[in-house]
Amino acid sequence: MRTLLVLLLLVPTLSNAQFKKSATELAKDRIRDYITEKLFKNASYEPITYGDLIDNKVGRSNITSLIRHKFSITEMQAHDNIKAPVQKEYVFIFYFNDKMKVQMAEGVSSE
C-alpha cells in the first residue's frame, strides 16, 4: 500500500520534470535557429550558457516562458584590407509562446 502511495506521488513529479526538460531542449533548438536564421545570418554561432526556462506569469499574454542565453558570434571584419575573425559575446533573453516559438528576443548588457 505504501509503495502504491509513493508511486502515485512520484509519477506526476517525474513526468513534470521530463516535460520541463523536453521544453528546455526544444527552446534551445528554437533559439539556435532564431539566432542563425534571423539575428546573425552568415556568422558562426557558439552557445556559451543557457539559463533556466522560466514561466512568464506577468506581462504580455502571448508570452508564456522565457530563457536567458549567453553566446558568441564570430564575424569577419576588415582591418587595413585584411579580413580577420572577431568574436563577440552577447546576452539575450528569448521570449516564447505556448507552442515554444520565439516571439521576441531582447539583448541585455553583458555582465
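For the reader, a short list of remarks on this structure follows.
- Long-range neighbours under 8 Å by Cβ, at least six apart or interchain, first residue within 16 Å of Glu25 (Cα to Cα) within the range 43-57, second basic (Lys, Arg) and exposed (fewer than 11 other Cβ atoms within 10 Å of the Cβ): none
- Condition check for Lys88: surrounded by 15 or more Cβ atoms within 10 Å (Cβ to Cβ), of a type in the set (Lys, Arg) and assigned to a strand (DSSP E or B): no
- Flag for Met100 being of a type in the set (A, V, I, L, M), part of a loop (DSSP other than H, G, I, E, B) and surrounded by 11 or more Cβ atoms within 10 Å (Cβ to Cβ): yes
- Matching entry among Asp55, Asp29 (being modelled with pLDDT under 90 and either among the acidic types (Asp, Glu) or within 10 Å of the chain's Cα centre (by Cα) (or both)): Asp55
- Pairs, first on the phi > 0 side of the Ramachandran plot in the range 83-111, second surrounded by 10 or more Cβ atoms within 10 Å (Cβ to Cβ), C-beta under 7 Å, six or more apart: Met100/Ala23; Met100/Leu26; Met100/Ala27; Met100/Arg30
- Considering Tyr45, Tyr34, the condition of being more than 15 Å from Lys101 (Cα to Cα), surrounded by 13 or more Cβ atoms within 10 Å (Cβ to Cβ) and not β-branched (Val, Ile, Thr) is satisfied by Tyr45 alone.
- Pair list, Cβ under 8 Å, 6 or more apart: the range 14-31 residue at negative phi and in a helix (DSSP H, G or I), other residue among the polar types (S, T, N, Q) and at pLDDT 75 or above: Ala23/Ser65; Ala27/Ser65
The values are calculated or read from the model by the stated rules, or taken from the named source; none is laboratory data. Everything numeric here is computed off the predicted structure, so don't read it as measured data. Positions of Cβ are generated from backbone atoms using ideal geometry, with glycine treated the same way; all protein chains shown enter the neighbour counts.
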